[in-house]
Amino acid sequence: MLGACGGGATGDAVGRNDSAESATVGTPSSSQTGPTDSKSGAKDDASPSAEVTADDIAVAFTPAGGWTKMPPPVLAACTEPLVAGAVDMRGLWEVASVQAGGVDAPDHRAIGERQRIEQCGDRVVITAGGIIHDMRADGTEEGAVHDVAGSDKTTPITAVASFEDAVHVLRPIGTPIEVKRRIEGEQLVWEYVGFTARLDRVDVP
């Protein structure tokens, strides 16, 4: 199983199973629930809807041992627009083709794998292959993925994310690789060490 940073110890995962289940992810802050009536606690429908930003939603993490059924979206309540320069990769994607060493690899293990990408402001959440990698694409270690590798769901990783010239780039600290994603036409192109995958959108979050 490959991983959101990629595969092996760096972890950016993919996965075939996309049915939802509950998972140990960050709990959204109270600001998402909207104003409530002070007496009954009920939502005040007369109040205008408040903006929900990336900061209002708690960071999500891979549950212990990884998930077996894809958990619910993390950023569904977010209303903050994407930051300038962001690559809009939002959706559920499935690997349609792979090239390894510049040669088509129709039997590659990644074929048919899926990954869900959510975005809000400069925040990106990639959920697939049993992991949840939640990051800020701001080029800082503070905003990096601080989670576990997709290979074993145990090894801690830190991967700095950024948007660079219409490309989403992940750089795992301590590993001399870059994992890249970009949009070409209707496809998501995912570059990892040793292969390049093209993914078709199968749903929009």
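Every read-out reported here was derived from the displayed coordinates using simple, explicitly stated rules and does not represent laboratory data. On a predicted model such as this, the values are computed, not experimentally measured, just so you know. Every residue, glycine among them, receives a Cβ derived from its backbone with ideal geometry; neighbour counts consider all protein chains shown.
Points worth noting:
- Spacing of the two label points (7 Å from each Cα toward its C-beta) at ILE111 and ALA50, in nm: 5.1 nm
- About its Cα centre, the dipole of region 102-205 is roughly 180 debye, where the only charges are +1 on Lys and Arg Cβ and -1 on Asp and Glu Cβ.
- Charge dipole of region 57-205 about the Cα centre (unit charges at C-beta), most positive-ward option of ILE131, VAL193, PRO172: ILE131
- Amide N proximity, region 59-93 versus ASP138 label position 7 Å along Cα-to-Cβ, cut-off under 14 Å: 59, 83-84
- Dipole moment magnitude, nearest 20 debye, region 138-185 about Cα centre, only Lys, Arg, Asp, Glu C-beta charged: 180 debye
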